[in-house]
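K.L.:
Please read through the structure below; I'll follow up with questions.
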Amino acid sequence: MTHRTPTETDLAAAHEAVLTWFDAHARDLPWRAPGTSAWAVLVSEIMSQQTPVARVAPRWRDWMARWPAPSDLAAAPTAEVLRAWDSLGYPRRALRLKDSAAVIASEHGDQVPCDEQTLRALPGIGAYTAAAVAAFACGQRTTVLDVNIRRVLARAFDGHAHPKGALTKSETAWAAQFVPAGPDAPGARHVAWNAGVMELGALVCTSRSPRCEVCPLAKQCRWLAAGRPAGDDPARRPKTQAWHGTDRQLRGAIMAVLKAAEAPVARELLTASATEFDPESDPWFDPGFAAGTVEAAILRVRELGDGQRIGRLVDALIADGLAAESGGRLHLPH
DNA sequence: AAGCCGGGGAT
DNA sequence: ATCCCAGGCTT
């Protein structure tokens, strides 16, 4: 996959357009406030992985008020960490964030490292988050590539409706040339470019219904000039994963019950006899799956062909946290 | 490269 | 009912 190389003139125009637009239209996200710590920025990035930022903000505020430093989170009970994560989704992110906090506290003097490679070595921090933290928390010139930036660059400069497949080294190298040069500093142009293009993808150059009529890159956008051709056949794009009736829904239901229950209640639920459960009714397939039927869910785990995998995953999430509160009586079958 | 990991709001 | 979201990890 080869990419088109922009001219210096196009680059300069794009920089001017995006930076001006961002200055006027940036959302008032709480972690953009002056004085936000690097740790607070890192937390916001982890919470925002595959999660709309609008839903992150309130959880982030509570989280940072409760655990303002990495060492605070590292010392927190896992059950409380999972509860504070609330329903942000992918709760393993919360566990990895706690693990990262412990490493930062013990090996980095409770200070978030600014080196991209050091960041990448932390659990739960990949290419995107390492670049984002280095840029937004440390003012470094990195190539931030999330779904938004990849889409904006693909459209404006390559003329494609969507980026192709998984991120490759060559695409990263191509994207790097768009990032303005300059000395590292919190308000540097390259930081604003990364944040601005991301914002543009989130607010204007959206996946489904882009608002090209208000886009600052409209004049030079190859995709718009070509008449906004549709992307590759949808079959090439990964299908949305199923939810109803899947392992994921089941795990989520168990987590929800455990998070909501007081310790004695959880103990009662988890040790209750399941004799009243009727396998024919498959209650967990019901979107209305409610607290109080967790024993039925656990019985279902026993029946599933790959209950081994499910048990391992649920164990990993709750064994040392929520289950400990319930007297350690949660023994999912293996 | 592909599959898996949540959950809720928008379309 | 499907798509989408400031991705990362394992196989």
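The values are calculated or read from the model by the stated rules, or taken from the named source; none is laboratory data. Model, not experiment: these values are computed from the prediction. Virtual Cβ from ideal backbone geometry, glycine too; neighbours counted across all protein chains shown. Heads up: the accessible areas ignore ligands, DNA and RNA and are worked out on the full protein's heavy atoms, side chains in. Shrake-Rupley method; radii C 1.70, N 1.55, O 1.52, S 1.80 Å.
K.L.:
Mind counting the residues in region A:184-210 that are more than 24 Å from residue A:52 (Cα to Cα) and open to solvent by less than 30 Å² (accessible area, probe 1.4 Å)?
P.N.:
Selection size over region A:184-210: 1.
K.L.:
Which of the residues spanning region A:115-137 are within 20 Å of the chain's Cα centre (by Cα), in a loop (DSSP other than H, G, I, E, B) and more than 21 Å from residue A:174 (Cα to Cα)?
P.N.:
Scanning region A:115-137 gives A:121, A:122, A:123, A:124, A:125, A:137.
K.L.:
Just checking, how many residues over region A:73-87 are under 23 Å from residue A:55 (Cβ atoms) and at pLDDT 95 or above?
P.N.:
Residues in region A:73-87 being under 23 Å from residue A:55 (Cβ atoms) and at pLDDT 95 or above: 1 in total.
K.L.:
In region A:49-72, how many are exposed (fewer than 13 other Cβ atoms within 10 Å of the Cβ) and either within 13 Å of DNA strand C (Cβ to nearest atom) or under 13 Å from residue A:100 (Cα atoms) (or both)?
P.N.:
3
K.L.:
Let me ask another. I need the full set of residues from region A:38-79 which are touching a residue at least 60 places away in the same chain (Cβ under 8 Å) and either of a type in the set (Phe, Trp, Tyr) or in a loop (DSSP other than H, G, I, E, B) (or both), in order please.
P.N.:
Once the filter is applied, which keeps residues that are touching a residue at least 60 places away in the same chain (Cβ under 8 Å) and either of a type in the set (Phe, Trp, Tyr) or in a loop (DSSP other than H, G, I, E, B) (or both), region A:38-79 yields A:39, A:49, A:77.
Each row is one residue, and each column tells you yes or no for (1) open to solvent by less than 20 Å² (accessible area, probe 1.4 Å); (2) among the hydroxyl-bearing types (Ser, Thr, Tyr).
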{"residue": "A:138", "(1), (2)": "no, no"}
{"residue": "A:151", "(1), (2)": "yes, no"}
{"residue": "A:154", "(1), (2)": "yes, no"}
{"residue": "A:157", "(1), (2)": "yes, no"}
{"residue": "A:163", "(1), (2)": "no, no"}
{"residue": "A:168", "(1), (2)": "no, yes"}
{"residue": "A:182", "(1), (2)": "no, no"}
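K.L.:
Another question about this same structure. Scan region A:213-231 for residues that are hydrophobic (A, V, I, L, M, F, W, C), exposed (fewer than 15 other Cβ atoms within 10 Å of the Cβ) and at pLDDT 95 or above and report the count.
P.N.:
Counting residues in region A:213-231 that are hydrophobic (A, V, I, L, M, F, W, C), exposed (fewer than 15 other Cβ atoms within 10 Å of the Cβ) and at pLDDT 95 or above gives 3.
K.L.:
Let me ask you something else. Within region A:113-125, can you find the residues that are touching a helix residue (DSSP H, G or I) at 6+ places or on another chain (Cβ under 7 Å) and either among the aromatic types (Phe, Trp, Tyr) or open to solvent by 20 Å² or more (accessible area, probe 1.4 Å) (or both)?
P.N.:
A:114, A:116, A:120, A:123, A:124
K.L.:
Now a separate question. Quick test for you: out of A:101, A:13, A:75, pick the one residue that is within 30 Å of residue A:164 (Cα to Cα), in contact with a helix residue (DSSP H, G or I) (Cβ under 9 Å, 6 or more places away or on another chain) and surrounded by 13 or more Cβ atoms within 10 Å (Cβ to Cβ).
P.N.:
A:13
K.L.:
Exactly one condition in (1) part of a helix (DSSP H, G or I); (2) of a type outside the set (A, V, I, L, M); (3) free of Cβ contacts under 8 Å to residues at least 24 places away in the same chain; (4) open to solvent by 10 Å² or more (accessible area, probe 1.4 Å) is false for residue A:28; which is it?
P.N.:
All conditions are met except number (1).
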